[in-house]
Amino acid sequence: MSDQPHSGFPRRPTPAAMPRRRASVAAERPAPLRPGGRARRRDERGGASRSAAPPDPLRDHQAVAPYGLVPLPERPMPAERLQEPVLREGTPQHRLLAAHDQRIPGTHTGWIDITVRTLTPAFVGATRDGAAERSLTIDGRPALPGASLRGLIRNTVRVLTGGETGPVNTPQLFFRAPAASHSDRRARHVMRRLHSQYRDRGGAPSNPPGTPVQAGFLRRDPAKGTWEIRPLPVERPLQVRLTDLREDLRRFAGLPEFELPPHESGDTRGGYVPAEFHGEFQYLPVVALCPQVNGRTVGESRFWATAVLPPGEEPGFGHREAARDRLRERWSRKRDGAEQSMRRASGERSRSAARGRRNDYDRALQRIDDVSFRAHECVLVLTGVAGERKNAYLFPTATDPRQRLPVPAHLVHLVESADQITRFQARNFPGGLPGAAPGSAHGSADGTRGSTGSGPDTAHRYRDGGLARSGGEPVWYQESEGRVVSFGRSGGYRVAVGEFDPVSRAVPDEVNTRSRVRSEGSGRTPDVPRALFGDVDLLPPGESAGPAARGRVSVGSASCDTGDDPWLEHPLRVELLSPQRSCFANYLLQPVSEATWGQSPDLVTWSHEGDVRLGGYKVYLHRHDPLPASAQRYAHLHPDRVAAGPTTRDVVPMRPGLAFHGRITFANLTDAEVGALLRALHLGNPAGGGDPGDPLYAHKIGLGKALGFGSVHIAPALYLVDPVERAASLDPGAGVACVGDEGMQKLLDAFGEALLTWEREQSMRAGEPVPDDWSDVGRVEALLLAAQWRHRLPESWTRVMDLDEFAVYPVLPDLQTRFAAHARTAESGAG
């Protein structure tokens, strides 16, 4: 079948040739990339790069991501726009939506046989096969579940017609309160604005960024039911190296071995230390020996414990000499690091600063025998030993009871909410774990531990992971004007955005499902996806059968009949993680100016006081660079080469080139509604689907989309049923007509005309340029860009950024800008 679309559908081979709805601000955006700025390089898997260098988030402050955002409309297209021929004949809309047991004149009933071909590995669902998980099978055959296919089609219809959307889970969002200021100027600027925008429920602003969070013990007054924080007697919590702590804890009676994280123990597999290892050590009373030193460079050493003793043990000469040896080792490492920095420095200022640090450590090492040590009674605080964490915290317990900071009750509620309590916290702060301040029931003077059971007589917290109702809870906090405005259990704790539902504020009311339910309730004007696929509140009040109506479209599972092995040759160890909605630089519409890419951007955040708009419907792009036959595309994901961890899974996806066959049935759909269903299947491909091996456009399905999994092509075959003729014959094929490409194109055109009419009305209402074709609609244009298979972006342009790149808040451009930037870069590289 030819890839040439029907004459009524313009071909869109490249982004540059695609018609534009209007000259958008994206087109005027200063290009952060310098064409030809980098030489071509080889792909790490053996293939050549497809284009010139992608944006550099650290240099250009332009984000890269495996997804894009399709802009939201101001209001969804009502389903009645696709139903007008039938509604004009006098059929009420509620009858059309609920008439499953009768035929409505002027509508179609039938089915669509679909052939789904995998273009990349696909992983849908999970079937256990020993240690690895295989993609779902039905009766032993690989399958695509009907629920997954239904979700794919419904979501595509929703994006095409601007259907309702909204958060489907807890909408509360948080951002991180940094324990220290960031070294990057742009990151510091964004943090400053972010914290200035943040306000708690009571209206008190948080501390300016750059001010380190403080620490203390959170206490509850049982008589008054109020909360307060008693600050530590030192400027900040003490720290101790995990390797030193492990060695010293061996002198404590009755304790198991303290497990080190893999990077400290020599285990090259990486990952997290299981939380159960910490149960005997959390809030353990200890005595910490810290050097008494001052100075610009070595003064910070007074906050480091170089020895840890059991409680009640008097520090002796041997303890102090062991602490001195560790201090000498620490200063020697710091001195060598300063020496290396001095040699690598490219400028005189940085070289001079490194030389000054080296000289300071030289002088300190010469006088190290004169250093004295101070003993602090502390409790050990473990905030989660992650793969790169090397230290633990020690909180001195000699607080001044006269220094108290009140804590608003709503902050306690937020910290104890389900959004905040992690699995680590639930396991390490069980209901029976008391507080850690002196005088609590936590432990005795000899270091023995009290009960940590969770029975009614020993409960100190209202839930596992909650805050201690007795004793004191070590916390980090920020305060303003003598009042705590945020707190958490680590120096980088999460701070709640000031309002409970910030996501809804970023979605237009008429598109936001929550807002429409609140304002219109049951029977609100249905959009196209609800009208096709049903809803629990689709019908107006007063209907005898109730407001719920099942959909007129039903999607069955698709199965594969291949006789060959359908699986990849070895399992892949992958991380299948959820997106972080708090990443405002990616998910919110940002202002477009020179400053957007500079060091002082005026970025919109979730706590912004002005207008906030979600970037749009999230759609994943295809990621599949062409590689030579010798290249092993997924060798880097082999379990032998990836460390196992709590966020990794061993999966066995289905291989590319498999064909799945399924069926979509429908009843009482108008021409335009059948056209909408066909358009969701075709995307921009010609009627019938085009080349199944290398189509113009393709869908994404299943898990691992960010890894490149789940690219599929769908080829539909339409069959319409004549109920009268079918009822008059016993022939199974009676009344069934297969609709050819020309007939399908007429139905596609009916939908395109209805969509174009609606969008033209909305454009004139908003005073915007009117689109000439349905494919000129900005939302549709963005969707078709994301769905491009043959002209997709290279993988280097759609990779997942690392944490260092996220930390400088690069902005994700819209899809049109990203494809246009790649086209310019590719053209300059070719030239």
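Look at the range 719-736: where a residue is part of a loop (DSSP other than H, G, I, E, B) and a partner is among the β-branched types (Val, Ile, Thr), sitting 6+ places away or on another chain with Cβ atoms under 7 Å, you get GLY735/VAL721. Here VAL736 meets the list (1) closer than 26 Å to ILE153 by Cα; (2) crowded, with 18+ Cβ neighbours inside 10 Å almost entirely, failing just condition (2). The set of residues in the range 105-125 that are of a type outside the set (Ser, Thr, Tyr), crowded, with 17+ Cβ neighbours inside 10 Å and farther than 12 Å from ARG552 by Cα comprises ILE112, ILE114, VAL116, ARG117, LEU119, PRO121, ALA122, PHE123, VAL124, GLY125. Residues of the range 620-640 that are at pLDDT 95 or above and not hydroxyl-bearing (Ser, Thr, Tyr): LEU621, HIS622.
Listed here are the residues, each with its yes/no results for (1) part of a helix (DSSP H, G or I); (2) basic (Lys, Arg).
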| position | (1), (2) |
| --- | --- |
| LEU756 | yes, no |
| MET764 | yes, no |
| VAL770 | no, no |
| SER775 | yes, no |
| GLU781 | yes, no |
| ARG790 | no, yes |
| GLU805 | yes, no |
| PRO813 | no, no |
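Inspection of the range 719-739 finds a residue satisfying the criterion of being in contact with a Cys (Cβ under 8 Å, 6 or more places away or on another chain) and at pLDDT 95 or above. Evaluate the following for ARG186: is it charged (D, E, K, R), modelled with pLDDT of 60 or more and outside the structural domain of CYS290 (by TED's automatic domain parsing)? Answer is yes for this residue.
Among the candidates THR383, THR399, which residue alone is modelled with pLDDT of 90 or more, farther than 16 Å from CYS290 by Cβ and assigned to a loop (DSSP other than H, G, I, E, B)?
Working: THR383 fails: modelled with pLDDT of 90 or more.
Just a single option satisfies the conditions, and that option is THR399.
You will find that of GLN292, GLN340, GLN239, the residue that is out of contact with any Leu (no Cβ under 6 Å at 6 or more places or on another chain), under 20 Å from PRO474 (Cα atoms) and at pLDDT 90 or above is GLN239 and no other. Restricting attention to the range 679-735, the residues being within 33 Å of the chain's Cα centre (by Cα) and small (Gly, Ala, Ser) number 12.
Does at least one position in the range 781-797 carry a residue that is in contact (Cβ under 8 Å) with a residue 24 or more places away in the chain, surrounded by fewer than 23 Cβ atoms within 10 Å (Cβ to Cβ) and farther than 27 Å from ASP691 by Cβ? Looking for residues that are in contact (Cβ under 8 Å) with a residue 24 or more places away in the chain, surrounded by fewer than 23 Cβ atoms within 10 Å (Cβ to Cβ) and farther than 27 Å from ASP691 by Cβ, one finds none in the range 781-797, hence no.
Within the range 482-519, being at pLDDT below 70, outside any loop (DSSP other than H, G, I, E, B), surrounded by fewer than 17 Cβ atoms within 10 Å (Cβ to Cβ) and not basic (Lys, Arg) holds for one residue alone: SER519.
Residue count for the range 810-831, restricted to those that are surrounded by 22 or more Cβ atoms within 10 Å (Cβ to Cβ) and modelled with pLDDT under 90: 1. In the set (1) touching a residue at least 40 places away in the same chain (Cβ under 8 Å); (2) within 29 Å of ALA676 (Cα to Cα), GLU133 fails one condition alone, (2).
The values are calculated or read from the model by the stated rules, or taken from the named source; none is laboratory data. In this text, all values refer to a predicted model and were calculated from it rather than measured experimentally. Neighbour counts run over all protein chains shown; Cβ positions are idealised from the backbone, glycine included.
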